[in-house]
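Here's the structure we're looking at; comments come further down.
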Amino acid sequence: MAKKVKKRKSGMEKRRQQKTQKKSLQKRKHSSRSPQQIQSYKQLQKILINLPTLAYHADFQDVAFEGDAITSLKNEGLSEPDIIGRLITPEFKNMLKEKLAKIEMDNAPQSQNGLFAKATIYAIDNEQEIPLFVNPLLVAIYLRSLARIDGQELSVSEVGKAVKAYEERNTAIIESMLNKDNEHELIEEMLDEELNVSGDREPHETYVEENVLDAFQESLSHLNPDDVALIMDDVDTFIEEYVQTPVSEWTVEYVTEFTNTWFVQNMNPLPEDVDGMKKSLTLFVRFLEQENSMSKSIAEAIISGLSS
């Protein structure tokens with residue numbers, strides 16, 4: 001259920017933004033200048049699924065369509081895809097692109113937000129091929145604005161399901177407007193080349209099942225949503241980019257080789273990013289041990305290795 005809107009405390013929000021800006025400046029100094037690249041087709045699919053969460057980035061918190069404008073267009077009997085198309089003016093698009101360019105510049109090339117921003121800029125610039133009414137970020141902004149008309153707030157944990165529901169209830173309209181059986185297929189076709197996807201579209205062997213990751217994320221529900229997003233991004237990076245062996249075969253050396261060598265060499269992290277990765281993996285290993293997916297002795301050894 002959507003939650004009632006809660007106003008942020010201005011002092012806390014200002015300090016959080018200052019901290020974000022400081023970290024962004026540091027990342028620009030240290031991040032790699034090499035071309036941005038998606039490592040697998042699976043990672044591209046993940047971007048498409050998670051892209052709506054970009055609407056909850058600090059730079060987009062206050063971006064919304066006017067409630068009166070949405071209501072007026074609904075009263076005209078327009079479909080939701082048509083409403084989104086009418087709401088997005090040239091001025092709105094320019095504002096979006098400025099914010100996205102800032103996010104792309106402020107984040108490391110392989111970071112989730114950096115990739116989200118690059119993908120969305122490309123989609124907006126190619127709206128003839130990727131119509132705005134299937135753009136995940138714009139749909140998320142529309143749905144959040146829709147909730148706010150009733151004085152509610154669509155949370156980051158709800159937005160993915162909300163976007164999927166939007167697609168399902170507008171399937172016939174979207175298909176007729178796109179002349180495609182699946183709007184994601186269209187977006188994937190356009191973004192493949194732009195994001196420089198390496199490898200093919202064949203599924204890769206998975207050593208940690210999605211239901212395990214879902215359960216792990218659920219176990220973090222007591223934490224701040226922004227912290228949960230960072231932890232899950234860390235764990236996803238470890239699993240998707242590095243892990244090539246079942247959990248039962250993980251060792252201290254295997255995990256610490258990732259944090260101390262692979263992560264540093266391939267992702268160009270700041271010292272605090274490395275510390276954050278170690279803390280995220282510590283939480284994940286502890287979870288695996290509690291779920292009996294890893295022996296207590298191995299888990300303790302890995303956690304000790306991550307803390308050293």
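Could you work out the relative contact order of region 75-161, using alpha carbon pairs under 8 angstrom and six or more residues apart, expressed as a whole percent?
23
Would you please give the FRET efficiency between Leu78 and Ala172, computed as 1/(1 + (r/R0)^6) with r the Cβ-Cβ distance and R0 = 22 Å, to the nearest 0.05?
About 0.90, to the nearest 0.05.
If you take the beta carbon distance between Glu257 and Ser155 as r and set R0 to 45 Å, what does 1/(1 + (r/R0)^6) give as a FRET efficiency, to the nearest 0.05? Spell out each step's value before the answer.
On the way: r = 37 Å, r/R0 = 0.82.
With R0 = 45 Å, the Cβ-Cβ based efficiency is 0.75.
Once you have the Cα-Cα distance between Lys164 and Asn94, take 0.36 nm times their residue separation minus that, and quote the gain in nm to one decimal.
Full extension of this stretch gives 22.6 nm more.
Mind listing the phi-derived Karplus ³J(HN,Hα) values for region 60-74, rounded to whole Hz, using 6.51, -1.76 and 1.60 with θ = phi - 60°, and x for any glycine or proline?
10, 4, 9, 7, 7, 8, 5, x, 5, 5, 4, 4, 4, 5, 5
Given H placed 1.01 Å from N in the peptide plane, which residues other than close sequence neighbours of Glu153 have an amide H under 5 Å from its amide H?
HN-HN under 5 Å from Glu153: Lys3, Lys4, Val5.
Sort 99-107, 135-143 by the packing proxy (mean of other Cβ within 10 Å over each peptide's residues), most packed first.
The peptides rank, most packed first, as 135-143, 99-107.
Take the Cα of Thr71, step 7 Å along the line toward its Cβ, and report every residue of region 136-170 whose backbone nitrogen sits under 19 Å from that point.
Correct set: 142-154.
Every number in this text was worked out from the coordinates using simple rules, so none of it is lab data. None of these values were measured; they are calculated from a predicted model. Cβ: placed from backbone, ideal geometry, glycine included. Neighbour counts: every protein chain shown.
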